[in-house]
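What follows is a short report on a single structure.
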Amino acid sequence: MNHDSYDNSYIAEILNSVKTIAIVGASANDVRPSFFVTKYLIDKGFTVYPINPGQAGKPILGRTFYARLADVPEPIDMVDIFRASDAVPGVVDEALALTPLPKVIWMQLTVRHDAAAAKAEAAGIKVVMNRCPKIEYGRLSGEIGWNGVNSGVLSSRKPVMRQGFQSFGVRKP
């Protein structure tokens, strides 16, 4: 797969199909981007599991931090990696040890590791690199347009409400 560019349909299918998301590198510091993304995804109705060994057992936004992916009490649909690129292979190996396997490995903005992505894809896992699910959700749902930003998505379709706070959901292509 070409990870330099993603079709809107690929991203939309992922965001419409996942329900549980583990955010590796989530922070309890409310000025960190990982905190904003965690809060946003919770508000959109996703079940979010923050992963941070230094915070394990502590609360964040009504959730509990876990030390590692294997500690999460239910199957994970998507692993969102908020760590430096050199940490990605370890996270992917941890995800590949899960049963069942996650459907998606998502690497945040500026995070990319082609070898780890190839390993995940060889196991049948979809991969997104150098993208933010919060930004992509907002762009594809039309929410970014509410702020006067050109999302590049035009639609005359009536929005379909989804679960979560002020969520129109991601439009299906």
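Brief remarks follow.
- Residues in region 117-145 that are assigned to a helix (DSSP H, G or I), under 17 Å from the mean Cα position of the chain (by Cα) and within 15 Å of S85 (Cβ to Cβ): A117, A120.
- The residues listed here are S167, S156, S141, S151; of these, the one that is surrounded by fewer than 13 Cβ atoms within 10 Å (Cβ to Cβ) and either under 12 Å from L15 (Cβ atoms) or at pLDDT below 95 (or both) is S156.
- Tallying residues that are more than 13 Å from A26 (Cα to Cα) and aliphatic (A, V, I, L, M) within region 55-77 yields 3.
- Residues that are surrounded by 21 or more Cβ atoms within 10 Å (Cβ to Cβ), aliphatic (A, V, I, L, M) and part of a helix (DSSP H, G or I), drawn from region 36-68: V37, L41
- Residue within region 18-35 that is of a type outside the set (A, V, I, L, M, F, W, C), in contact with a helix residue (DSSP H, G or I) (Cβ under 7 Å, 6 or more places away or on another chain), surrounded by fewer than 19 Cβ atoms within 10 Å (Cβ to Cβ) and more than 18 Å from I76 (Cα to Cα) present: yes
- Every residue from region 69-80 that is in contact with a Pro (Cβ under 9 Å, 6 or more places away or on another chain) and part of a loop (DSSP other than H, G, I, E, B): P75, I76, D77
- Residue list for region 81-102, restricted to those being hydroxyl-bearing (S, T, Y) and either assigned to a loop (DSSP other than H, G, I, E, B) or within 14 Å of the chain's Cα centre (by Cα) (or both): T99
- For region 69-87, filtered to residues that are touching a helix residue (DSSP H, G or I) at 6+ places or on another chain (Cβ under 8 Å) and surrounded by fewer than 21 Cβ atoms within 10 Å (Cβ to Cβ), the residue that is farthest from L109 (Cα to Cα) is A70.
- Scope region 5-35; condition more than 10 Å from the chain's Cα centre (by Cα), assigned to a helix (DSSP H, G or I) and not aromatic (F, W, Y); matching residues: N8, S9, I11, A12, E13, N16, S17, P33, S34
- In the set (1) surrounded by 14 or more Cβ atoms within 10 Å (Cβ to Cβ); (2) outside any helix (DSSP H, G or I), the condition left unmet by N2 is number (1).
- Pairs, first free of Cβ contacts under 8 Å to residues at least 60 places away in the same chain and of a type in the set (A, V, I, L, M) in region 120-133, second in a loop (DSSP other than H, G, I, E, B) and surrounded by fewer than 19 Cβ atoms within 10 Å (Cβ to Cβ), C-beta under 8 Å, six or more apart: A123/L101; I125/L101; I125/K103
The values are calculated or read from the model by the stated rules, or taken from the named source; none is laboratory data. In this text the structure is predicted, and so the values were computed from the model without any measurement. As a convention, Cβ positions derive from the backbone with ideal geometry for all residues, glycine included, and neighbour counts pool all protein chains shown.
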